[in-house]
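So the structure is just underneath, and the comments pick up after that.
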Amino acid sequence: MFEEVGKAPKELVARKWALAMDSLYALVGIAACAVQYWKHGTVHPAYLAIYLLIGVLGAYWLVRDMMSSFVWKRSTIFRNTVFVLIAVFGRVVVDAVYEFRGIR
């Protein structure tokens, strides 16, 4: 019983990795908006919404992780899945709608 006291549970993730991932997502979301504007002079509203959603969620989860003392593995897997789904399927849906409407 006492040999389990000093060990971390397997369901926890190292806090520094969670902070690194969340800060990376926040920076990527905000940087994508800046690069789109710098490269094209404008940003499509749908792309802006996708990039800002990624940046805001990354910043929110970063602040939440900084305030907590530990991070669960399940929540980290959920966050990564959400970011990938937003990034990939958001672009696919927006491109399909733009193609269907003849916008570009």
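The values are calculated or read from the model by the stated rules, or taken from the named source; none is laboratory data. Predicted, not measured: the structure shown is a model, and the values here were computed from it. Using ideal geometry, Cβ is built from the backbone for each residue, glycine included, and neighbour counts are taken over all protein chains shown.
Quick rundown of the values:
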| item | result |
| --- | --- |
| Which numbered condition Val43 fails, given (1) surrounded by 13 or more Cβ atoms within 10 Å (Cβ to Cβ); (2) not in a loop (DSSP other than H, G, I, E, B) | (2) |
| Selection status of Val28, within 29 Å of Ile103 (Cβ to Cβ), exposed (fewer than 11 other Cβ atoms within 10 Å of the Cβ), without any contact (Cβ under 8 Å) to a residue 40 or more places away in the chain and among the β-branched types (Val, Ile, Thr) | no |
| Residue, nearest to the chain's Cα centre (by Cα), within segment 89-104, restricted to residues that are modelled with pLDDT of 85 or more and small (Gly, Ala, Ser) | Gly90 |
| Condition broken by Met66, with the remaining ones in (1) surrounded by 15 or more Cβ atoms within 10 Å (Cβ to Cβ); (2) of a type in the set (A, V, I, L, M); (3) touching a residue at least 40 places away in the same chain (Cβ under 8 Å) satisfied | (1) |
| Pick from segment 72-91, criterion in contact (Cβ under 8 Å) with a residue 12 or more places away in the chain and among the aliphatic types (A, V, I, L, M), ranking: surrounded by the fewest Cβ atoms within 10 Å (Cβ to Cβ) | Val82 |
